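S.K.: Here it is, the structure, as structure tokens.
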Amino acid sequence: MSRRSSDEEQQQAGISRREVIRTGAAAGVAAALGAGGAASAAAAGPPGGAGPPGQPAGDELTLVNGVIHTMDPDNTIARAVSIRNGRFVAVGAPSPGPGVRVINLHGRTVIPGIIDAHDHIVLVGNRPGWHTGLEHVFTIPDAVAALQARSADVPPGEFITCIGPISARQFEEQRLPNRDELDTVERPVYLQAAQGGTRANSEAATWLAPFGVNVTEAGVVSPVGLALQTLRRELLTPETRKRSAFDALQYFTRFGITTHRDSGAFHADEPAGGIATENTYTMHFPFLALDQEGTMSARLRIDFLHQDSPTADPPLPTLGPRLQNSFTLFGNDWLRTGGIGEFTGGGVNGLRAIARAGWRGEDHALSLGAVTNHIVNRETVHAEIPLTDLRWVLSHIPGFNQDLAGRAHAMGIGVLVGWGPLRTGTNVGPPYRLVFDHPITVGYHSDGGDITVINPWLNFYTMITGRNLSGDHILGDQTLTRWETLWLATAANKWFIWEDDVGSIEVGNHADLAVLDRDFFGVDEEEIRHIESVMTIVGGRIVHDTEEVG
Ligand SMILES: [Zn+2]
């Protein structure tokens, strides 16, 4: 029996508190399977005032013969969708006029564009060298081949790098490529993995040596901090940062990510050695430049991370000016500011200042003790300044329980879960099942970019199978179904970016979607990790296309 059947059975069982959604899901599936999708027709027509100005009305696109999981409130599965002026104008019953481009999906699975509600794409977009995504390869030979292919883009002598979203665990060999293997790439190569591990090749070793950085015969780099600081200081310019920012957004469209909510970095005025460190006042500039040029390939939502000491004098030396001199939820459909996070800083007084300003605040929690403290502090502030409507967030929550979920929910706080495929141990959380079945607001995040991977399918694999990328069971009984997982990363994440018109394929919403290379709901569990998008559309623009459809 396929996993798809068991998902549907679970949906139809209606055993959780998502009963309304889930009952709708079962009905949607039944309607689509029984009536050829015709039952899912929605009214056509342009949404009032929507879409980028100046785009010609004839700029219309219709996708037909798909299995389109809309993730709308009824969980309709549609066969066709029409897009005009960057928005969906018909779902289920398109009637393309003359001159409209029609793409035949030949039965492919379509999902709403994935929203990563907390990652570190801005750090990835500021990496030194020609940062090269390696989250789509699973063996050392494939990784080396990807680096060799990348060298075609890179002038001789310039660095090919992968810093952050890469891990030995993703490779069958359970290690990083070594120096000899990287020497087959005819450029200096520097790899720095999430959660430890570095490798460089001989050309990189020669370049780094005058700066006091050593590379062993195996390719291990030391000191790592000095190496990264040197690469940043010597290689980063406004132009190279802009190139990296463009590449970062573009790379993740191949997995269907259409919106990133960036959760900041640790601040340093000058180039530093920490993998999560950047200048938090200037690191957004390359993305702002792309936005001005109109060359962003995914939406970016920006949060501001602050770490003021609770005992600083004067108080809140960085958070105070940020709240006074910045705007929350300000920007456009491609790039917009958000709140404070993933550190708020300043203790309870910091929380008070954020609440008083009417901003969202987010803190991450790495233990049950930490999340308990966060909730106690928020209860103190909530008694003075209601947080109920400010959509505050607690993320990661490896330790969590019913009591804390109830107390957070009572303040209107939502939780973000994900963050799992590189973790080790047993029952290490987050307790996906507990929070999904609880009334608390829940969404999906990868937290990838510096300490883990961003590829959503690697994260979904763990959430669904309970196994990390080494194959170890780490979640106990706290797994989710495929449908539940995808819902968290699409429709549920509307709440976390405070926008209603993304995350589902509905008339009037931004036309963000991904056409998958295989059926997420039908493939073997082991294949989930390998899913990619063959066509990703953001705001009606095709931003990624392998030319396998159409
Ligand atoms: Zn984070």
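The values are calculated or read from the model by the stated rules, or taken from the named source; none is laboratory data. Values in this document were obtained by computation on a predicted structure and should not be read as measured data. Methodologically, a virtual Cβ is constructed for each residue, glycine included, from the backbone with ideal geometry; neighbour enumeration extends over all protein chains shown.
S.K.: Being within 16 Å of the ligand (Cβ to nearest atom) and aliphatic (A, V, I, L, M) is the filter; apply it to region 397-419 and report the residue that is farthest from Glu499 (Cα to Cα).
M.R.: Only one residue fits best here, namely Ile397.
S.K.: Can you tell me which condition Gln324 does not meet? The list is (1) without any contact (Cβ under 8 Å) to a residue 60 or more places away in the chain; (2) in a loop (DSSP other than H, G, I, E, B), and all the others hold.
M.R.: If we test Gln324 against (1) without any contact (Cβ under 8 Å) to a residue 60 or more places away in the chain; (2) in a loop (DSSP other than H, G, I, E, B), just (2) comes out false.
S.K.: Applying the selection to region 301-321, what residues are touching a residue at least 40 places away in the same chain (Cβ under 8 Å) and either assigned to a strand (DSSP E or B) or over 18 Å from Asp262 (Cβ atoms) (or both)?
M.R.: Hits for region 301-321 are Arg301, Ile302, Asp303, Phe304, Asp308, Pro310.
S.K.: Based on what the data block shows, is Gly341 within 29 Å of Pro398 (Cα to Cα), more than 24 Å from the chain's Cα centre (by Cα) and not polar (S, T, N, Q)?
M.R.: Spelling it out, it is not the case that Gly341 is within 29 Å of Pro398 (Cα to Cα), more than 24 Å from the chain's Cα centre (by Cα) and not polar (S, T, N, Q).
S.K.: Further question: Only one of Trp495, Trp487 is assigned to a helix (DSSP H, G or I) and surrounded by fewer than 19 Cβ atoms within 10 Å (Cβ to Cβ). Can you tell me which?
M.R.: Matching residue, one of Trp495, Trp487: Trp495.
S.K.: Still on this structure, I have one more. Would you check if there is a residue in region 92-100 being assigned to a strand (DSSP E or B) and either away from the ligand (no atom under 16 Å from the Cβ) or within 18 Å of Met535 (Cα to Cα) (or both)?
M.R.: No - not one qualifying residue is present in region 92-100.
S.K.: If Tyr461 passes every condition in (1) under 15 Å from the mean Cα position of the chain (by Cα); (2) within 16 Å of the ligand (Cβ to nearest atom); (3) crowded, with 24+ Cβ neighbours inside 10 Å but one, which one does it miss?
M.R.: For Tyr461, the failing item is (2).
S.K.: Between a first residue in region 336-354 that is surrounded by fewer than 20 Cβ atoms within 10 Å (Cβ to Cβ) and a second residue that is aromatic (Phe, Trp, Tyr), which pairs have beta carbons less than 8 Å apart while being 6 or more apart in sequence or on different chains?
M.R.: Thr337/Phe304; Thr337/Phe327; Thr337/Phe330
S.K.: Still on this structure, I have one more. Looking at Gly264, Gly273, can you tell me which residue is away from the ligand (no atom under 15 Å from the Cβ), closer than 29 Å to Leu191 by Cα and buried (at least 16 other Cβ atoms within 10 Å of the Cβ)?
M.R.: Only one candidate qualifies: Gly273.
S.K.: If you check Leu329, Leu323, Leu394, Leu422, which single one turns out to be more than 16 Å from the ligand (Cβ to nearest atom) and touching a helix residue (DSSP H, G or I) at 6+ places or on another chain (Cβ under 9 Å)?
M.R.: Only one candidate qualifies: Leu323.
S.K.: With respect to Ala41, determine if the residue is aliphatic (A, V, I, L, M) and at pLDDT below 70.
M.R.: yes
S.K.: When the residues of region 433-452 are filtered to those that are of a type in the set (D, E, K, R) and over 11 Å from the mean Cα position of the chain (by Cα), which remaining residue is farthest from the ligand (Cβ to nearest atom)?
M.R.: Of everything passing the filter in region 433-452, Asp437 is farthest from the ligand (Cβ to nearest atom).
S.K.: Based on what the data block shows, is Thr479 part of a loop (DSSP other than H, G, I, E, B), β-branched (Val, Ile, Thr), away from the ligand (no atom under 16 Å from the Cβ) and touching a residue at least 24 places away in the same chain (Cβ under 8 Å)?
M.R.: Yes.
S.K.: Return the residues of region 135-182 that are surrounded by fewer than 20 Cβ atoms within 10 Å (Cβ to Cβ) and on the phi > 0 side of the Ramachandran plot; say none if nothing qualifies.
M.R.: Those that are surrounded by fewer than 20 Cβ atoms within 10 Å (Cβ to Cβ) and on the phi > 0 side of the Ramachandran plot: Gly157, Gln174.
S.K.: While we're on this one: Quick check on region 512-532. Is at least one of its residues within 16 Å of the ligand (Cβ to nearest atom) and either touching a residue at least 40 places away in the same chain (Cβ under 8 Å) or assigned to a helix (DSSP H, G or I) (or both)?
M.R.: For region 512-532, residues within 16 Å of the ligand (Cβ to nearest atom) and either touching a residue at least 40 places away in the same chain (Cβ under 8 Å) or assigned to a helix (DSSP H, G or I) (or both): absent.
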